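Colleague: Please find one structure pasted underneath; my questions will follow.
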Amino acid sequence: MTAPRLEIDLDKIYHNANTLVARLATRGISVTGVTKASLGSADIANALLRAGVTNLGDSRIDNIEAMRGDHITAPVMLIRSPMLSQVARVVRHTEVSFNTELTVIRALSAAAGDAGRTHGVVLMVELGDLREGILPADLEHTAREVVRLPHLRLCGIGTNLACQSGVIPDSGNMDELSGLADAIEAALGVSLAIVSGGNSANLDWALGPSVTGRINNLRLGESILLGCEPLHRVPIDGLYTDAITFVAEVIELKLKPSQARGRIAQTAFGDSTIFGNRGSIVRAILATGHQDVDPSGLSAPAGMAILGASSDHVVMESGDNALSVGTEVRFGVNYSALLRSMTSRFVIKAAGSGGKRDGGIKF
């Protein structure tokens, strides 16, 4: 099969999702299966739905439209604040969107009226990570406006931590979110169906000894696809960490010096690493690079090391591995490598289960 490619084991993704759904259910927390790193793949979406996720979430309306085109009828949330230019598409293809700006919320109300629909709104609250979110002091005012506007339904509130500044979800910020939910309900006389505490970074808190309070939903992507929690990239007990593998092909294999020769400046991507002289080493060049994947997010096989990368090449020290031109090398991926390689049209996506590849995945 053509390389570079991602080999995606749908059985392992199902297992990871189903395991997390079951564990979180004991804490009264449902799972939104996040599809943004899978580019709206219907195969992956269906694996998540079979595993028991309550609904799907994506940050890109293009991905959601692709899933709708592949007959995914499950409820979908847009988990990034809608672009003002896309509100009509958001109303048409999603049941709920996460919001922070009244200008956009008012436009959603108008678009929902035009479409003869009622659109659900989750208000995102800023609790310290300094990405998206309404300041807690402004939440009641914004919520009142949502309730006042026609064709909208205030579904709940949520927050996002760890992504921008690395703020850890803990009892302090989660209790604050629970308190805000109680306050909004008391002030407005409404019932909030969703209190979304965050993403895969919340798992240590959610599955630990803390009281979960009003938090009844988490949005999980990385933990399902890669089997790790994002705070420290530690594997989650009982989950597969190799559900997705990146494969690249050797196009050159030669014994070369370990140290570059000549005056040294920055590389094509701004690096300036200088290697010490270890004599001659076997250097393998693979037919992939920054245009396909984040090379820093690849985990090389045992005994091999990535020495550097350009747009179209990854250079490795092969060590004692018996490589030849045409050999395929298999890598583990982190979230950055997964996201870039899944987005690249130069990377084949091969679905499979039980260790067998069934062919191209639906995108």
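The values are calculated or read from the model by the stated rules, or taken from the named source; none is laboratory data. All values derive from a computational prediction rather than experimental measurement. Positions of Cβ are backbone-derived with ideal geometry, glycine not excepted, and every protein chain shown enters the neighbour counts.
Colleague: Which of the residues belonging to region 55-114 are among the small types (Gly, Ala, Ser), over 21 Å from Glu126 (Cβ atoms) and free of Cβ contacts under 8 Å to residues at least 60 places away in the same chain? So that I can check it myself, show each step before the final result.
Modeller: At the first step, the residues of region 55-114 found to be among the small types (Gly, Ala, Ser) are 57, 59, 66, 69, 74, 81, 85, 88, 97, 107, 109-113.
Then drop every residue that is not over 21 Å from Glu126 (Cβ atoms), which leaves 66, 69, 74, 85, 88, 107, 109-113.
Scanning region 55-114 gives Gly69, Ala74, Ser85, Ala88, Ala107, Ser109, Ala110, Ala111, Ala112, Gly113.
Colleague: If you don't mind, another one. Quick check on Val121: is it at pLDDT 95 or above and out of contact with any Ser or Thr (no Cβ under 8 Å at 6 or more places or on another chain)? Step through it out loud before you land on a result.
Modeller: Values: at pLDDT 95 or above: yes; out of contact with any Ser or Thr (no Cβ under 8 Å at 6 or more places or on another chain): no.
So Val121 fails the test.
Colleague: Quick one: in region 286-299, which of the residues that are crowded, with 19+ Cβ neighbours inside 10 Å and in contact with a strand residue (DSSP E or B) (Cβ under 7 Å, 6 or more places away or on another chain) is nearest to Thr343 (Cα to Cα)? So that I can check it myself, show each step before the final result.
Modeller: Let us first name the residues in region 286-299 that are crowded, with 19+ Cβ neighbours inside 10 Å, namely 286, 288-289, 292-293, 295, 298.
If we keep only those that are in contact with a strand residue (DSSP E or B) (Cβ under 7 Å, 6 or more places away or on another chain) as well, we get 286, 288-289, 293, 295, 298.
Numbers: Leu286: 19, Thr288: 14, Gly289: 14, Val293: 9, Pro295: 14, Leu298: 16 Å.
It comes out as Val293.
Colleague: Follow-up. Does region 243-274 hold any residues that are aliphatic (A, V, I, L, M) and either assigned by TED's automatic domain parsing to the domain that holds Asn16 or under 30 Å from Tyr14 (Cβ atoms) (or both), and which are they?
Modeller: In the first step, residues of region 243-274 are kept if they are aliphatic (A, V, I, L, M); the result is 243-244, 247-248, 250-251, 253, 255, 260, 264-265, 268, 274.
Selection gives Ala243, Ile244, Val247, Ala248.
Colleague: Let me ask another. Within region 139-193, work out how many residues are in contact with a Lys or Arg (Cβ under 6 Å, 6 or more places away or on another chain) and of a type in the set (A, V, I, L, M).
Modeller: Number of matching residues: 1.
Colleague: Scan region 144-163 and give yes if some residue there is out of contact with any Cys (no Cβ under 7 Å at 6 or more places or on another chain), of a type in the set (A, V, I, L, M), over 14 Å from Arg219 (Cβ atoms) and assigned to a helix (DSSP H, G or I), otherwise no.
Modeller: From region 144-163, those out of contact with any Cys (no Cβ under 7 Å at 6 or more places or on another chain) are 144-163; that's our starting set.
Then drop every residue that is not of a type in the set (A, V, I, L, M), which leaves 146-147, 149, 152, 154, 157, 161-162.
Applying the additional criterion that residues be over 14 Å from Arg219 (Cβ atoms) yields 146-147, 149, 152, 154.
Next, only the ones that are assigned to a helix (DSSP H, G or I) stay: 146-147.
Yes, region 144-163 contains at least one residue that is out of contact with any Cys (no Cβ under 7 Å at 6 or more places or on another chain), of a type in the set (A, V, I, L, M), over 14 Å from Arg219 (Cβ atoms) and assigned to a helix (DSSP H, G or I).
Colleague: Please go through region 40-75 and give me each residue that is part of a loop (DSSP other than H, G, I, E, B) and in contact with a strand residue (DSSP E or B) (Cβ under 8 Å, 6 or more places away or on another chain), ordered by number. Break it down into steps so the answer makes sense when it comes.
Modeller: Kept after step one, since they are part of a loop (DSSP other than H, G, I, E, B), are these residues of region 40-75: 40-41, 52-54, 59-60, 70-75.
Of everything in region 40-75, those that are part of a loop (DSSP other than H, G, I, E, B) and in contact with a strand residue (DSSP E or B) (Cβ under 8 Å, 6 or more places away or on another chain) turn out to be Gly40, Ser41, Gly52, Val53, Thr54, Ser59, Ile72, Ala74, Pro75.
Colleague: To continue, here is another question. Give the residues of region 133-167 that are farther than 15 Å from Val96 by Cα, surrounded by fewer than 19 Cβ atoms within 10 Å (Cβ to Cβ) and touching a strand residue (DSSP E or B) at 6+ places or on another chain (Cβ under 7 Å), sorted by residue number.
Modeller: Within region 133-167, Pro136 is the sole residue that qualifies.
Colleague: Check whether at least one residue in region 264-279 is closer than 27 Å to Gly352 by Cα, loosely packed, with under 13 Cβ neighbours inside 10 Å and out of contact with any helix residue (DSSP H, G or I) (no Cβ under 7 Å at 6 or more places or on another chain), and report yes or no. Working first, answer last.
Modeller: Let us first name the residues in region 264-279 that are closer than 27 Å to Gly352 by Cα, namely none.
No.
Colleague: Let me ask something else. Of the numbered conditions (1) farther than 25 Å from Gly319 by Cα; (2) without any contact (Cβ under 8 Å) to a residue 24 or more places away in the chain; (3) among the hydrophobic types (A, V, I, L, M, F, W, C), Leu226 satisfies every one except a single condition; which is it?
Modeller: Leu226 satisfies all of (1) farther than 25 Å from Gly319 by Cα; (2) without any contact (Cβ under 8 Å) to a residue 24 or more places away in the chain; (3) among the hydrophobic types (A, V, I, L, M, F, W, C) except (2).
Colleague: Got at least one residue in region 106-115 being farther than 23 Å from Gly213 by Cβ and either among the acidic types (Asp, Glu) or not assigned by TED's automatic domain parsing to the domain that holds Ile215 (or both)?
Modeller: Checked region 106-115: at least one residue is farther than 23 Å from Gly213 by Cβ and either among the acidic types (Asp, Glu) or not assigned by TED's automatic domain parsing to the domain that holds Ile215 (or both).
Colleague: Looking at region 172-216, which of its residues are closer than 18 Å to Pro230 by Cα, assigned to a helix (DSSP H, G or I) and of a type in the set (Gly, Ala, Ser)? If you could, list the steps in order and put the result at the bottom.
Modeller: As a first pass, look at region 172-216 and keep what is closer than 18 Å to Pro230 by Cα: 173-174, 196-208.
Pick out the ones that are also assigned to a helix (DSSP H, G or I) and you get 173-174, 200-206.
Correct list: Ser200, Ala201, Ala206.
Colleague: Another question, then. List the pairs whose first member sits in region 289-306 and is assigned by TED's automatic domain parsing to the domain that holds Leu323 and of a type in the set (S, T, N, Q), whose second member is in a loop (DSSP other than H, G, I, E, B) and at pLDDT 95 or above, and whose Cβ atoms are under 6 Å apart, counting only residues at least 6 apart or on separate chains?
Modeller: Matching pairs, first to second residue: Gln291/Ser311.
Colleague: Looking only at strands (runs of 3 or more DSSP E) that fall completely inside region 245-346, which ones have 2 or more residues that are under 23 Å from Gly227 (Cβ atoms) and modelled with pLDDT of 95 or more?
Modeller: 328-333
Colleague: If I ask for residues that are among the β-branched types (Val, Ile, Thr) and closer than 29 Å to Val96 by Cα, which ones from region 1-43 would you list?
Modeller: Here is the first cut: in region 1-43, the ones among the β-branched types (Val, Ile, Thr) are 2, 8, 13, 19, 21, 26, 29, 31-32, 34-35.
Within region 1-43, Ile8, Ile13, Thr19, Val21, Thr26, Ile29, Val31, Thr32, Val34, Thr35 meet the criteria.
Colleague: Now for a separate question. Among the residues of region 89-132, count how many are surrounded by 15 or more Cβ atoms within 10 Å (Cβ to Cβ), assigned to a helix (DSSP H, G or I) and aliphatic (A, V, I, L, M).
Modeller: The number of residues fulfilling the criteria is 10.
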